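Readers should treat all values here as calculations from the given coordinates under stated rules, not as data from a laboratory. Just so it is clear, the structure is predicted and the values come from calculations on it, not from any experiment. Don't worry about glycine lacking a Cβ; one is built from the backbone with ideal geometry, like all the others, and counts go over all protein chains shown.
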Amino acid sequence: MLLEQLGPEARLLAGGHSLLPMMKLRLASPSYVVDIDPLADELGYVTEEDGEVRIGAMTRHNALLQSTALDRRLAIVKDAERVIADPVVRNRGTIGGALCQADPSEDLSAVCAALKAQMVIRATGGERVVGMREFHRGPYETAVGPAEMLVEIRVPAPRGSGSAYAKVDRRVGDWAVVAAGAALALEDGVIAGAGVALAAAGGDITSSEAEAALVGEPPSPELFARAAALAAAACEPVSDQRGSAEYKRHVAGVLTQRVLQRAAARALQVQEEV
C-alpha cells in the first residue's frame, strides 16, 4: 500500500472538506496527500446484509440522504445529513472522511456512536473491526493506524428499532452548539437496547448512565426525562462563543429527551408496519 511507502506523514484525501480546512489553518501539515477519490465507486455504497446496514467509507453525504435503505430503521442518519453543512459539502464530503476527522462537534460521529456501529479498518495484512466507541480515541485522533484506512461502517438494524438526531446551531449548516442522537430497540413493550450520544458537549461522546437507565424499562416521557437528565449531568461542555457551559448542558438535556421520544415513536411505527 502507498501509505506504507510514504510513512506516517501521509494523509488520505477523500472529499477534502475536513482535511483541506485543517491544512489552510495550519492545524495539519502532512508531507504527502493521497487522493482516494478514484475509490469512490468501490467504497461508495449502502447495502443491507446479515441484519445490518453496511456503508462504504467513500459514500457521499448526499448519497446517504437519498438512500432508501436508511428511511425507517436508521432514520437518525438522514436526520443528521439534513443539518450537515451545505449542498456543496454534502455533494463531495464522505462519511469516512467525517468520522476520521474525529472532530468533537461532528454530527456523524455522534450518530454512529448512538447506533453502536462497527468500523472496518483495512491494511495490506487484512482487516480488523473496531467499535465506534473505541474508534475515537480523543479529539482528532482515531484507531486508524499510519498504514491503514477506514473502508466500511457496519450498523446493526434490529427489527423494532428506531433512532433520531437533533442539533442546535447558530446558523444553517454550522457546527453544533450541542447535538444529540438516540437509538432504541423495543421488544415486548420494553427497551431492549439503547444508545445515547452527544456532539459538541465535551467529555465522553456517549452516556452510559442514560443508556443503563433506559434498558429494561417501558418507554415513557418520565423515563426519557430521567435519562436526559443523566446525559446532561454527565457531559462536560465548555463556555465559548457558542454559549456558556450551563446553557449547553441545558440544551443537551432538552435535545436528548426530544430524540429519545422521537426514536421510540419511530420504533413503534416500524413494529406496527411489520
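Below are the figures for this structure:
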read-out	value
C-alpha long axis of helix 221-234 to longest principal axis of the chain, angle in °	40 degrees
Stretchable slack from residue 204 to residue 49, in nm (0.36 nm times residue separation minus alpha-carbon distance)	52.8 nm
Per-residue Cβ neighbour rank within 10 angstrom, fewest leading, 155, 34	34, 155
Helical mean residue ellipticity (222 nm; -39500 (n - 2.57) per DSSP H run of 4+; nearest 500) of the chain	-10500 deg cm²/dmol
Cα-derived Rg to Rh of the range 2-156, Kirkwood definition	0.94
Selection from 96, 185, 243, by position along the positive dipole direction of the chain (Cβ)	243
Fraction in percent of alpha-carbon pairs per bin - 5 Å, the range 51-126	3, 14, 28, 29, 15, 7, 3, 1
Separation in nanometres of the label points that stand 7 Å from Cα toward Cβ, at residue 236 and residue 32	3.7 nm
Average projected area [Cα convex hull, the chain], square nanometres	14.0 nm²
Rg and Dmax of the range 117-274, Cα atoms only, in Å	16.9, 51
Efficiency of FRET between residue 22 and residue 137 - r from beta-carbon atoms, R0 25 angstrom, step 0.05	0.90
Length-normalised contact order of the range 161-273 in % [C-alpha pairs under 8 Å, at least 6 apart]	32 percent
Global form of the range 228-274, assessed from the alpha-carbon gyration tensor, a/c cut-off 1.5	prolate
Inter-label distance for residue 258 and residue 188, nm, one decimal - labels placed 7 Å from Cα along Cα-to-Cβ	3.5 nm
Whole-number Å³ per residue for the convex hull built on Cα positions in the range 123-164	100 Å³
Under 22 Å between alpha carbons - lysine pairs in the chain that sit 8 or more apart or on different chains	4
Potential extension, residue 172-residue 86 segment - 0.36 nm per residue separation minus Cα distance	30.2 nm
Gain upon complete extension [residue 226, residue 129; 0.36 nm per residue less C-alpha separation]	31.6 nm
Amide H within-cut-off set for residue 103, under 5 Å, with H built and near neighbours excluded	140
Rounded tilt (10° steps) of 245-273 against the dominant C-alpha axis of the chain	80 degrees
Tensor-based shape of the range 204-246 (alpha-carbon gyration tensor, a/c under 1.5 rounded, otherwise prolate or oblate)	prolate
